[in-house]
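Structure, as structure tokens:
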Amino acid sequence: MLDMFLQPDIWVALLTLVFLEIVLGIDNILFISIAASKLPINQQKKATNIGLFLAMILRLLLLFGISYLVAMASVIFHADWQWMEISVTGQSLIMIAGGIFLLIKSVQEIHHKVEGHSENKDETAKKTFTISQAVIQIALINVVFSFDSILTAVGMTTGINNQDTPIDEALIVMIIAVILSMIIMILFANPVNKFVSKHPTIQMLGLSFLILIGFILISEGAHMAHLVVFNQEVGVIPKGYLYFTIAFSLAVEALNMRLRKPNSN
């Protein structure tokens with residue numbers, strides 16, 4: 001079994017998967033940071049670590065249930081009207097439900113910060129918002145993010161299997177990639193959480209990103225369901241557009257923060 005690590009293709013696949021898991025985990029860290037920011041400062045690190053640990057456990061469980069994930073691609077319900085056709089699958093339902101959940105939570109948080117923002121209200125909210133509520137919210141969205149992450153990992157290891165690598169070796173590569181990526185994210189999650197909590201504009205930017213991510217999840221779910229509206233099939237929004245938008249927006253916000261610094265002195 002250790003001979004597999006002597007193959008260069010295995011190392012390339014492992015490093016690529018670790019990188020992909022970290023990139024796909026950015027969305028997860030963002031949601032966890034915003035959910036944890038509603039807790040008192042002394043509980044935020046605990047909630048963040050629990051959230052990421054849950055994400056790792058869910059990813060590992062999904063890895064061992066790959067056959068079940070593949071079976072979820074089968075059609076549950078099919079409808080064909082004159083103007084719309086859809087073939088609903090278990091995968092599409094999870095993605096659409098996760099997207100709707102993100103949209104609702106993000107809009108609620110933005111409304112709270114815009115309409116009901118005050119230090120007294122924030123402190124009261126932090127006292128009433130418990131760590132168990134934060135963990136439940138994090139666990140719910142972890143299901144969607146883990147599902148998306150594992151589907152990507154399975155797609156990556158398909159190429160490995162075509163090179164005569166046994167399925168158990170491909171599974172080992174995916175497990176190692178998930179564990180390594182989660183360790184890296186745990187190391188950086190708390191600094192990100194502190195930074196997001198300290199800068200309200202970053203929180204608002206993050207919530208706006210979550211709205212975009214929600215729309216992308218819904219579009220992916222619709223694409224998985226082969227949704228056709230007026231003879232136009234719903235396509236997948238390339239995630240590269242999302243990551244470029246996030247990077248560009250953060251770069252602009254970094255310039256704004258630097259510009260505001262002299263004014264605050």
Given H placed on each backbone N at 1.01 Å, which residues far from I76 in sequence or on other chains put an amide H within less than 5 Å of it? V88, T89, G90
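With 10 angstrom as the radius, rank T89, T201 by how many other C-beta atoms surround their C-beta, starting from the fewest. Don't skip to the answer; put the middle values down first.
Values: T89 20, T201 11.
Fewest-to-most ranking of T89, T201: T201, T89.
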Of the listed peptides 101-112, 214-225, what is their order by residue-averaged count of other C-beta atoms within 10 Å, with the highest listed first? 214-225, 101-112
Which of the residue pairs K38/K113; K45/K194; K38/K194; K46/K194; K45/K198; K45/K239 have a Cα-Cα distance greater than 19 Å in the structure shown? K45/K239
Packing-based order for 173-179, 252-258, 242-248, using average beta carbon neighbours within 10 Å, highest first: 173-179, 242-248, 252-258
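Can you sort W81, W11 from fewest to most other Cβ atoms within 10 Å of each residue's own Cβ? Could you put the intermediate results ahead of the total?
Numbers: W81 8, W11 13.
The fewest-first ordering by Cβ neighbours comes to W81, W11.
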Please give the FRET efficiency for K45 paired with Q232, using the beta carbon to beta carbon distance and R0 = 41 Å, rounded to the nearest 0.05. 0.30
Roughly speaking, what is the centre-to-centre gap between the range 206-223 and the range 54-106 when only Cα atoms are used, to the nearest Å? 14 Å
Give me a comma-separated list of calculated 3J(HN,Hα) values for the range 28-43, in order, Karplus coefficients 6.51, -1.76, 1.60 applied at θ = phi - 60°, integers in Hz, x for any Gly or Pro. 5, 4, 4, 5, 4, 5, 5, 5, 6, 5, 7, 8, x, 4, 6, 10
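No lab work stands behind these numbers, since they all come straight from the coordinates. As the structure is a computational prediction, the values presented were derived from the model and not from experiment. Backbone-built Cβ (ideal geometry, glycine too); neighbour counts: all protein chains shown.
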